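Undergrad: Can you read through this structure? Questions will come right after.
Where a number appears in this text, it was derived from the coordinates with a stated rule and is not lab data. As the structure is a prediction and not an experimental result, all values here were calculated from the model. Positions of Cβ are generated from backbone atoms using ideal geometry, with glycine treated the same way; all protein chains shown enter the neighbour counts.
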Amino acid sequence: MSRSKEMVKTAYHALEDKKAFDIKILDIRSVSSIADYFVIADGTSRNQVQAMCNNVEEYMEKSGFQMKSAEGYSEGGWILLDYYDIIIHIFSDEARRFYNIERIWSDGAVVSIQDL
């Protein structure tokens, strides 16, 4: 299994553990060179969004994956975690509807966790 797929699975399970809503995985390898995958999820409150972020960081660190950068934690509306090969977008439910990142990146293929 590729490293980026392992990273996606780790992030997915961390988000799932904190009851994230509508977790989506986009394979963007054929449309962009910035990353292999996007993982997108949302929560119902700032506290949940931040807890999801903290959990992802903890799971990824325990698995040996190093973060490149993070943005948006203090606001809690849209947190972006860049792990080089994958980028994790954690939204509030309102911000996710507003930014509609799945539409913007619709050329990427939606894949299920089972497909990895």
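Undergrad: Based on C-alpha coordinates, I'd like the Rg and Dmax of the chain, in Å.
TA: 12.7, 35
Undergrad: Within 10 Å, Cβ to Cβ, of Ile90, how many net charges do the neighbouring residues add up to if Lys/Arg are +1 and Asp/Glu are -1?
TA: So the surrounding residues net to +1.
Undergrad: Moving on to the next point. Calculate, in whole percent, how much of the Cα-Cα pair population of segment 34-75 lies beyond 14 Å.
TA: Here the tail beyond 14 Å accounts for 58 percent of pairs.
Undergrad: For Asp17, Asp27, Asp107, which order do you get if you count the other beta carbons within 10 Å of each Cβ and list the fewest first?
TA: Arranged by neighbour count, lowest to highest, Asp17, Asp27, Asp107 become Asp107, Asp17, Asp27.
Undergrad: Residues of segment 72-116 with the amide nitrogen closer than 17 Å to a label point 7 Å from the Cα of Arg3, along Cα-to-Cβ, please.
TA: Zone members listed by number: 82-88.
Undergrad: How big is the antiparallel share of DSSP beta bridges in the chain, given as a percent to the nearest 5?
TA: If we restrict to bridges inside the chain, about 70 percent are antiparallel.
Undergrad: I would also like to ask the following. Within segment 36-74, report the trypsin sites (Lys or Arg not before Pro) that DSSP leaves as loop and that have at most 14 other Cβ atoms within 10 Å.
TA: Lys68
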